[in-house]
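For reference, the structure is listed below as structure tokens.
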Amino acid sequence: MRGSLARRKWIDLMSARDEHGAIDRRMLLAFGASAVAVTAAASDAIARHDGMLAGPSEMVTNSLPWREGAADAPDAASPGPLKFLTAAEAAFLTAAVDRLIPPDPTGPSASEAGVVVFLDRQLAGAYGQGHHFYLEGPWSEGTESQGYQSRFTPAQFYRHAVAAIETAVGHANRGKTFKDLDPATQDTTLKRMESGDLALDGPITSKAFFAMFLQNVLEGYFADPLYGGNRGGKAWEMIGFPGAHYDYSPWVKAHGQRVPVQTVGLRGRAGWSRS
Amino acid sequence: MARTLKQVDVVLVGFGWTGAIMAQQLCDAGLNVLALERAAAQTTPENFATTFDQDELRYMWRHHLFQNVKYSTLTFRNNTSQQALPMRRLGSFLPGTAVGGAGVHWNGQIWRWLETDFKLKSHNEQRYGKTATAGLTIQDMPMGYRELEPHYNQFDLVCGTSGQAGNLGGAKQPGGNPFEGPRSAPYPTPPLTMTYAPTLFGAAATGLGLHPFPHPAGNLSQPYTNPFGAQLGACTYCGFCEKFGCGNYAKSSPQTTLIPYILTKPNFELRTESEVLKVERTADGKHATGVTYVDSAGVEYFQPASIVVLTAYQLHNVHLLLLSGIGKPFDPATGEGVVGKNYCYQTMSGIDVFFDDKLINPFIGAGALASVIDDYNGDNFDHSGLGFIGGSYVAGMVTGGRPIEMTRVPEGVPKWGLEWKKAAAKYYLRSFGISVHGSSYAQAGNYLSLDPTYKDQFGRPMLRMTFDFPPNDLKMTDYVTDRAAEVARAMSPSSIHIKKRQPPYSIVPYQTTHNVGGTMIGATPADSVVNRYSQSWDVPNLFVTGAGLFPQNPGYNPTGTLAALAYMSAEAIKNQYLKAQGAPLVSA
């Protein structure tokens, strides 16, 4: 019993690096590898909350298990250059996300809102590595109602799918890449992905990729700005969502009235910073 | 070889709502109680403080408070002709993990069953004939509403439930649910204040001769101190209940109502990161000796206990019984066996309502903020000639306006592109959803069993779910959704989008975390896993809590009823079982 558990943990250890390259603290604790110093608050947050068999077992009696000043703070997108996407992948995604949410006076396009940065940081981080995915075999295609059945993490899924899409686009358009297609052809290509009509080499269907992609784009567009998308809360402003407000009780009875609050994220908003 | 630990009186497997209820009840009776929790401790200030709680991406879409399928999942298929495959990503239902369980991230929708829900089979056969239940394996509960009522009331007092009674001791009350069974006391706190959408829904329903009332809520309308000294705050309508913890101490949860009290008891201990693998028994199999568990260092322990209570989520309680070989597993081919039988879900549909001329402001919300009608639930309406039994409540509900999940566009608008963008910008503030929350009745092909192929991280067979919507329930939801559309149209919207539930059941889109059945409570060992006190027929010092006890799922959220059943069981342990020195409380 212990052997099989330890094996699984070792596999996890090898794949459980966070976006800064640090090994997930939970795994270190499981192995007692205290020689490796891990100080990243982000790793600590994941460790405390990752579900089953995360940190050390604690025995609690006659007290409240509460640590002063400890907060499971979110892991914000880091600044700097792309961390996961290649230049070619970023070019594809920049063009594609702006067909899903195009520029116009209503509000920012997806790329203007930072969605490509969001996707890059997500794919480089815990989500991209298959955090909260079960990826063990054996693998079968399954029915639609059985959901995701790939062996790939989201990062691997994007890597394979984007390459396969560009290959298919090149075959159909004399070697052009997606970003060089005219907008109408880009839209047609995306619609063929959405329906699954675009045949791809390899194990990933265009339909499965499109479903994950559209979901991730909406996440980036409407998530808290701390994750790299929804820059300046402009996507929230476009629809009228005021953001991370604590208390709306003064407006509960103001039926049909505009709620006069400014859009704000978990890290505040422009003009709030002390410095 | 597992290390053997010091004997305790009671070991609880899992520390969510029913673990907390059992711990409080049995510690106060003087027993030494140990709770084993598979994941971490979590508290309001550390894990869902108001400074970072309103984070849709992290909590909803990255599953921060949910069971991690990487370490614990199940396999799923629609029917026995298919190969079951692992649920590789959570979707349809979102079980919790860590201290508090799903009670941390629930909406706080606190319901009681109708009196007729307790005698579902006999009542429907009496009123509509035996053919009404053909093809269904539904059955009666081994107690009636009136016997369980004091325990419903116990839970309301712990939660401070906000609502308007419709029936106090048999006397109908204006503004409440006229169909509910008699209550022994009013709700501890008054209903939440209705925002615009539920107000419009309530007026439309009244205009149609229906009977709207405020949804009973574990999001408190005013500050409240419960009998254990826990102080809850007033809800601020921030719209982050479902899938989120409450940073404001305004949502009833194990953390806000019972755990602070339990953790002051010297005869209680909580052990975190401790996952139970098996219930151990004496050689003759008739007595539980304790449980084997493994901690996060991979060390295995045997924890001896005089009483074992399975207080984990429904799916895990069924899994543990099957893995421990306790009770006869259900076989759909023969109809024999009871463990895993009558797995049921909830039959959900909805209607999106759009206005050109009204600002709904859906971001002002709360988990149970709704005006609701019960006219089409259970047997509150005449089913003669309809071809189905059961029903749904219909709620004009605004749990919040989280924009990734809840940006609605009218029917026919594409899911992306400029047209989508303009519609999203126009209608986010001008729309809301009507929820049609329906019953799920048992049929023999729907059950839980051990998977023959896939193993979990401990090398044990995974739990296998076989489920699809029975024809009865599809007819039911079709009918009630049409009635809900009548209410929607009576609100004079610019458009509505009717989203009926279509087969087959899919584990991909979120529906609801109301998995029930599999450890049925019943009158005889032939038709149930546990007796009326939730005591195992096979192993009398083993008790089981949770929605697994339900022989089928009425059209209500399960927490109120599963909590009441836990209180009834705790009372029987304290007042009968201890005196009976571990004997069966009902003779088989």
Taking the range B:422-470 as the search range and keeping residues that are under 18 Å from residue B:548 (Cβ atoms), in a loop (DSSP other than H, G, I, E, B) and of a type outside the set (S, T, N, Q), which one is nearest to the other protein chains (Cβ to nearest Cβ)?
B:467
Going through the range A:153-196 in order, the residues found to be within 14 Å of chain B (Cβ to nearest Cβ), within 20 Å of residue A:132 (Cβ to Cβ) and touching a Phe, Trp or Tyr at 6+ places or on another chain (Cβ under 9 Å) are A:153, A:154, A:157
Within the group A:43, A:15, which residue is buried (at least 17 other Cβ atoms within 10 Å of the Cβ) and either modelled with pLDDT under 50 or away from every other protein chain (no Cβ under 12 Å) (or both)?
A:43
Given the criteria away from every other protein chain (no Cβ under 14 Å), part of a loop (DSSP other than H, G, I, E, B) and buried (at least 24 other Cβ atoms within 10 Å of the Cβ), does residue B:390 qualify?
yes
Between a residue in the range A:132-149 that is at the interface with chain B (Cβ under 7 Å from one of its Cβ atoms) and any residue that is part of a helix (DSSP H, G or I), which pairs come within a Cβ distance under 8 Å, given they are 6 or more apart or on different chains?
A:133/A:154; A:148/A:208
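Identify, please: which residue in the range A:54-92 is of a type in the set (S, T, N, Q) and either within 14 Å of chain B (Cβ to nearest Cβ) or at positive phi (or both) and is, among those, surrounded by the fewest Cβ atoms within 10 Å (Cβ to Cβ)?
Initial filter on the range A:54-92 (of a type in the set (S, T, N, Q)): A:57, A:61-63, A:78, A:86.
Narrowing further to those that are either within 14 Å of chain B (Cβ to nearest Cβ) or at positive phi (or both): A:57, A:61-63.
Numbers: A:57: 21, A:61: 15, A:62: 11, A:63: 9.
Ranking the qualifying residues of the range A:54-92, first place goes to A:63.
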What about residue A:235, is it of a type outside the set (Val, Ile, Thr) and either more than 9 Å from chain B (Cβ to nearest Cβ) or within 26 Å of residue A:97 (Cα to Cα) (or both)?
yes
Note: among A:79, A:138, just one is at pLDDT 95 or above, more than 30 Å from residue B:43 (Cβ to Cβ) and assigned to a loop (DSSP other than H, G, I, E, B), namely A:138
Being at pLDDT 95 or above, closer than 20 Å to residue B:276 by Cα, surrounded by fewer than 24 Cβ atoms within 10 Å (Cβ to Cβ) and more than 8 Å from chain A (Cβ to nearest Cβ) narrows it down to one of B:5, B:12, B:31, so name that one.
B:5
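So which residues in the range B:177-199 are in contact with a Phe, Trp or Tyr (Cβ under 7 Å, 6 or more places away or on another chain) and within 14 Å of chain A (Cβ to nearest Cβ), if there are any at all? Lay out the reasoning, then the answer.
Of the residues in the range B:177-199, the ones in contact with a Phe, Trp or Tyr (Cβ under 7 Å, 6 or more places away or on another chain) are B:177, B:181, B:188-189, B:197.
Of everything in the range B:177-199, just one residue is in contact with a Phe, Trp or Tyr (Cβ under 7 Å, 6 or more places away or on another chain) and within 14 Å of chain A (Cβ to nearest Cβ), namely B:197.
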Residue check, residue A:237 crowded, with 16+ Cβ neighbours inside 10 Å and over 27 Å from residue B:247 (Cβ atoms)
no
For residue B:142, only one of the following conditions fails: (1) at positive phi; (2) surrounded by fewer than 22 Cβ atoms within 10 Å (Cβ to Cβ). What is its number?
(1)
Scan the range B:342-360 and tell me whether some residue there is surrounded by fewer than 24 Cβ atoms within 10 Å (Cβ to Cβ), free of Cβ contacts under 8 Å to residues at least 40 places away in the same chain and either within 14 Å of chain A (Cβ to nearest Cβ) or within 23 Å of the chain's Cα centre (by Cα) (or both).
no
Tabulated pairs, the range A:254-275, first closer than 19 Å to residue B:53 by Cα and assigned to a strand (DSSP E or B), second of a type in the set (Asp, Glu) and modelled with pLDDT of 80 or more, C-beta under 8 angstrom, 6+ apart or interchain:
A:265/A:224
Using the structure shown, decide if residue B:457 is under 30 Å from residue B:324 (Cα atoms), in contact with a helix residue (DSSP H, G or I) (Cβ under 6 Å, 6 or more places away or on another chain), buried (at least 20 other Cβ atoms within 10 Å of the Cβ) and polar (S, T, N, Q).
yes
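The values are calculated or read from the model by the stated rules, or taken from the named source; none is laboratory data. Quick caveat, the model's predicted, so the values are computed rather than measured. Backbone-built Cβ (ideal geometry, glycine too); neighbour counts: all protein chains shown.
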